[in-house]
Every structure is written in structure tokens, then in C-alpha cells.
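For reference, the structure discussed in these notes is given below.
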Amino acid sequence: MITAAILAGGSSTRFTFNKLLYPIKGKPLLQHVVDKIRKCKSITKAVLVVTPLHSGTFSDIDVEMVIDFLGIGPIGGIYTALKMFREVIVVGGDMPFINCEFIDTILSFCREYEYACLPIWRKTGFLEPLAGVYSKDFISLLEQAISINELSIQRVIKRFNLNIKIVSIEDQMNEISNVFININRFEDIKEVEEKL
């Protein structure tokens, strides 16, 4: 059993509106993500990690909020969640195709790890840090990274030469790889509306 930390602190700079509140099929994009996570039996609790600037923005979303006072992007959100919970699965608030099958699959591979257990695209070597599992042991490394203004999880892992557990998306999750689709452009919203 694990806590799901849904990151919702971004400023949607590519949009003229907060993309997480964009209505899709009668409810905000973010509520779709929250609802899907709540259906998962392996999740004991879901929390929304937001910056103080956004704490009032999501008051209509039915989920407990945790305030990320660092406001430095996903790394700050992960740090904030780990300060409160022993272990978290991190999910981007703009990942509308997240589902229990993915969560159960990643958790089944992440039973024993030290700092993090992350999906990776083997062909490119790209990690998916916003769909990964993190332990409280990662906090001290995050603190070091933040102190030197290293705010990319990908670069933190490389800089500290972390021995993290990785799960191949192509080998283990190919049929459910659409969970990694997130909203970066207005065209993405239209695509999600058609598929959701």
C-alpha cells in the first residue's frame, strides 16, 4: 500500500489557462486523474501537491492538498511528498490515462529498491520520473540537489550516480504505455478528449 502524490504545482505557461482545470467530459482534467487513482486498491491515500499560489485554484477538486512551499517544480513536489509519507508513487496532474493496471504493474516491480524505482524507455534511456515510485531515503539526495540548484530528477540521478531500480516500458508495460501521455499543448487536450 502506497500514497499517490499527484503533482499540480505547475503554472501551465504554454496555455492561457490552467490546463488541469480544463473540462473534459464534464469535469476538470485533474479530477479525471484523481478519480482514476482512487479506484486503485494498492493506493491507500491520494494527495494533491500544490504550490501556495495554486492552493485555492483546486479547491473544487475532491482530494486532500499538500502545500509545496519550495515551488521549484516537480523535484520540490516530490520532496514535499516524501517529507510527509514514507513512500510515494508520483503522478503528474496532467496524465489523464493513468490507470490501476499501470500502478499495479510498476508497484509489482518496485518491491525492493533504495531511492527510486522508475519506468524507462530503453530505446532512448529517458526516465519517466513523474510516474515513478520514491522512498524517504531519497530526501537527503534531493536536499543536496536543491542546495546546488539541480532541479531535474533526470540530472540528479546522473549527478549522484544513483543506483535506482528501473523498469523497461517496452519490455514490461508496452500495452499500457499511453499512461505516459501528458498535456503539453492545446492539441494534446483535443486528443485526450477523443480518447478518454
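Within the straight-line cut-off of under 20 Å between alpha carbons, the lysines reachable from Lys195 are Lys19, Lys25, Lys27, Lys36, Lys39, sequence neighbours fewer than 8 places apart in one chain being disregarded. Annotation: amide H-H contacts under 5 Å for Met65 (H modelled 1.01 Å from N, sequence separation of 5 or more, or interchain): Leu48.
Please go through region 103-194 and write out the trypsin sites (Lys or Arg not before Pro) that DSSP classes as loop and that have at most 10 other C-beta atoms within 10 Å. Intermediate results must be reported in sequence, preceding the final value.
On the way: sites: Arg111, Arg122, Lys123, Lys136, Arg155, Lys158, Arg159, Lys165, Arg185, Lys190; in loops: Arg111, Arg122, Lys123, Arg185.
Filter output for region 103-194: Arg111, Lys123.
Taking the helices alone, the chain has a mean residue ellipticity at 222 nm of -8500 deg cm²/dmol, built from -39,500 (n - 2.57) per DSSP H run of at least 4 residues and averaged over all its residues.
Multiply the residue gap between Glu64 and Gln172 by 0.36 nm, knock off their C-alpha separation, and tell me the result in nm, one decimal place.
Values: separation 108, 0.36 × 108 = 38.88 nm, distance 3.17 nm.
The Glu64-Gln172 span can extend by a further 35.7 nm.
Under a 5 Å amide H cut-off, with hydrogens placed 1.01 Å from N, Phe126 pairs with Trp121 among residues at least 5 apart or on other chains. Here's the picture: a label point sits 7 Å out from the Cα of Ile146 along the beta-carbon direction, and within region 100-134 the residues with their amide nitrogen under 18 Å of it are 115-116, 130, 134.
Rounded to the nearest 20 debye, what is the charge dipole size of region 2-195 about its Cα centre when +1 sits on each Lys and Arg Cβ and -1 on each Asp and Glu Cβ? Display every interim value, and only then the final one.
Details: 22 positive and 23 negative charges, 27 e Å.
That gives a dipole near 140 debye.
Cβ-to-Cβ counts within 10 Å put Thr124, Thr51, Thr57, Thr105 in ascending order as Thr124, Thr57, Thr105, Thr51, the fewest first. If the chain linking Ile139 and Glu187 were pulled fully straight, counting 0.36 nm for each residue of separation and taking away their Cα-Cα distance, it would gain 13.7 nm.
Relative to one another, the C-alpha centroids of region 18-86 and region 131-188 are positioned 17 Å apart.
Read the figures in this text as sums done on the coordinates, not as results from a lab. None of these values were measured; they are calculated from a predicted model. Here the Cβ is made from the backbone with ideal geometry for all residues, glycine too, and neighbour counts use every protein chain on show.
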